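The values are calculated or read from the model by the stated rules, or taken from the named source; none is laboratory data. Just so we're clear, the structure is a prediction, and the values are computed from it rather than from any experiment. Every residue, glycine among them, receives a Cβ derived from its backbone with ideal geometry; neighbour counts consider all protein chains shown.
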Amino acid sequence: MDPQSTYDRIATHFSKTRKYAWPEVETFLAGRAAERGLDVGCGNGRHTELLADHAPRCLGVDLSRELLREAASRASERGFDDRAAFVHGDAARLPVSTDAVDLAVYVATIHHLSPRAARLRSLNELARVLRSDGVALVSAWSTAHDRFDRDEGFDTAVDWTLPGGETVPRYYHIYDPAEFDADLADSDLTVVDVSVSSGNCYGVVRAPDA
């Protein structure tokens with residue numbers, strides 16, 4: 001279940017089902033302004049579009065080249081291509097300079113990384129690229145979701161069904177809330193707030209304390 005090949009395979013259909021930004025991301029970005037924004041695991045660019053309303057220069061990074069094509073098409077069609085660029089990259093090795101961004105979202109992506117060391121590397125990469133006054137939102141699927149009847153974090157496969165009935169398995173690490181809190185605390189990030197909403201864990205984080 002390689003994430004790149006998986007999402008390349010389902011990109012067109014997946015993108016059609018991901019038209020709108022999450023309310024939690026809208027709430028996080030409300031009232032914030034920045035020079036440079038970053039969307040880690042940008043997918044089809046729905047959150048990059050929202051981020052571009054808060055920062056004139058935004059970068060979307062994703063491992064799937066096909067999803068990046070969807071994102072570029074969305075940016076062109078919806079008129080934010082002058083404020084956003086998209087590049088191929090791994091969340092655990094971001095192709096972004098140190099201290100480069102003020103505002104970032106890392107939504108529904110960390111749970112696709114394995115093992116835990118890779119997830120922690122990705123959080124440390126986010127810490128590296130944030131400026132000293134930068135802030136970010138991190139989210140992951142949680143055991144608090146109605147579809148899961150578990151109390152502790154676990155690895156699983158979640159099928160994506162394509163038109164015609166073909167199923168494509170996707171790797172997920174489903175976090176329990178305490179485990180999510182622990183990973184944020186064990187990273188280089190400074191934790192501002194953590195919460196659970198709509199079955200997802202959310203963390204508002206800042207750059208490392210000086």
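Computed quantities for the displayed model
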| item | result |
| --- | --- |
| Filtered residues of the range 48-61 (kept if touching a strand residue (DSSP E or B) at 6+ places or on another chain (Cβ under 7 Å) and within 15 Å of residue 85 (Cβ to Cβ)) | 48, 51, 52, 55, 57, 58, 59, 60, 61 |
| Residue list for the range 29-48, filter: outside any loop (DSSP other than H, G, I, E, B) and crowded, with 24+ Cβ neighbours inside 10 Å | 37, 38, 39, 40, 47, 48 |
| Residue in the range 58-69 that is more than 30 Å from residue 133 (Cβ to Cβ), in a loop (DSSP other than H, G, I, E, B) and of a type in the set (Gly, Ala, Ser) present | yes |
| Residues within the range 115-170 that are surrounded by 11 or more Cβ atoms within 10 Å (Cβ to Cβ), part of a loop (DSSP other than H, G, I, E, B) and free of Cβ contacts under 8 Å to residues at least 24 places away in the same chain, tallied | 1 |
| Checking residue 64 against (1) out of contact with any strand residue (DSSP E or B) (no Cβ under 6 Å at 6 or more places or on another chain); (2) of a type in the set (Ser, Thr, Tyr); (3) more than 23 Å from residue 171 (Cβ to Cβ), the condition it does not meet | (3) |
| Tally of residues being of a type in the set (D, E, K, R), in contact (Cβ under 8 Å) with a residue 24 or more places away in the chain and surrounded by fewer than 20 Cβ atoms within 10 Å (Cβ to Cβ) across the range 60-112 | 8 |
| Yes/no for residue 12 being over 16 Å from residue 81 (Cα atoms) and surrounded by fewer than 19 Cβ atoms within 10 Å (Cβ to Cβ) | yes |
| Some residue of the range 118-128 being modelled with pLDDT under 95 and of a type outside the set (Ser, Thr, Tyr) | no |
| Flag if residue 132 is farther than 29 Å from residue 9 by Cα and of a type in the set (Ser, Thr, Tyr) | yes |
| Positions within the range 193-210 being out of contact with any Phe, Trp or Tyr (no Cβ under 8 Å at 6 or more places or on another chain), among the aliphatic types (A, V, I, L, M) and closer than 18 Å to residue 122 by Cα, in sequence order | 205, 207 |
| Breaking point among (1) more than 21 Å from residue 176 (Cα to Cα); (2) crowded, with 24+ Cβ neighbours inside 10 Å, for residue 57 | (2) |
